[in-house]
1. Any residue in segment 109-125 that is within 26 Å of H38 (Cβ to Cβ), more than 16 Å from the ligand (Cβ to nearest atom) and of a type in the set (D, E)?
2. For segment 3-42, which positions are of a type in the set (A, V, I, L, M), away from the ligand (no atom under 14 Å from the Cβ) and surrounded by 12 or more Cβ atoms within 10 Å (Cβ to Cβ)?
3. Name the residues in segment 101-124 that are surrounded by fewer than 17 Cβ atoms within 10 Å (Cβ to Cβ) and within 13 Å of the chain's Cα centre (by Cα), would you?
4. In the set R14, R61, which member is within 19 Å of A122 (Cα to Cα) and in contact (Cβ under 8 Å) with a residue 12 or more places away in the chain?
5. Report yes if some residue within segment 7-18 is of a type in the set (S, T, N, Q) and more than 18 Å from the chain's Cα centre (by Cα); otherwise report no.
6. Being over 17 Å from A11 (Cα atoms), surrounded by fewer than 17 Cβ atoms within 10 Å (Cβ to Cβ) and free of Cβ contacts under 8 Å to residues at least 12 places away in the same chain, is that true of even one residue in segment 68-89?
Amino acid sequence: MQLTSRYRFVASHRLNTAALSVEQNAKLYGKCNNPYGHGHDYVLDVTVDGPLDASGQIVNRAALDALVETQVLQRVDHRDLNTEVEELQDQVTTTENLAVTIEGMLKSQWTLPARLMRVRIAETARNAFELETEN
Ligand code: NI
C-alpha cells in the first residue's frame with residue numbers, strides 16, 4: 001500500500017553555474033538565468049509505502065506531516081534556493097537537484113516505519129520531476 005501526501009511551498013531561484021561564463025550560462029539556461037531570479041509555486045508529493053499497522057494506516061499522517069514540515073518546508077518555503085538552502089549552495093537549483101536535496105533532507109531524519117518511496121516535485125503546471133528513492 002502506498003500513501004502520497006501533498007505539500008506546497010514557494011521559493012525563488014536562478015539557474016546559473018560558476019563553471020560557465022556569463023554568455024554560456026545565458027545560452028544554457030535561457031530566461032531561467034535572468035540575474036534577479038524568479039519564483040515558483042512548487043508542489044511536493046511525498047510517497048511512502050509499507051504494510052498497514054494495527055491502526056489500519058501505513059503511517060501516522062501527523063508524524064509524516066511534522067517530518068516534512070521541519071525537515072523541508074521550514075527550510076525552503078519563502079526562501080531563495082540559491083542562497084538560503086545550505087545543501088544547494090554548490091549546485092545549480094534545477095528542480096532535479098532540488099528533488100535530490102529534499103530526498104536527502106527527509107532521509108537524514110527518517111524514523112517512520114513506512115519506507116520513503118518517491119519524491120515528486122511539480123515546478124509548474126507543465127512539468128514535474130520524480131525521484132524513486134533507493135533504500
Ligand atoms: Ni525556475
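Computed from the coordinates by the stated procedures, all read-outs in this text should not be read as laboratory data. The model shown is predicted, which means the values in this text are computed figures rather than measured ones. As a convention, Cβ positions derive from the backbone with ideal geometry for all residues, glycine included, and neighbour counts pool all protein chains shown.
1. no
2. L3, L20, A26
3. G104, K107
4. Just a single option satisfies the conditions, and that option is R14.
5. Yes, that holds for at least one residue.
6. no
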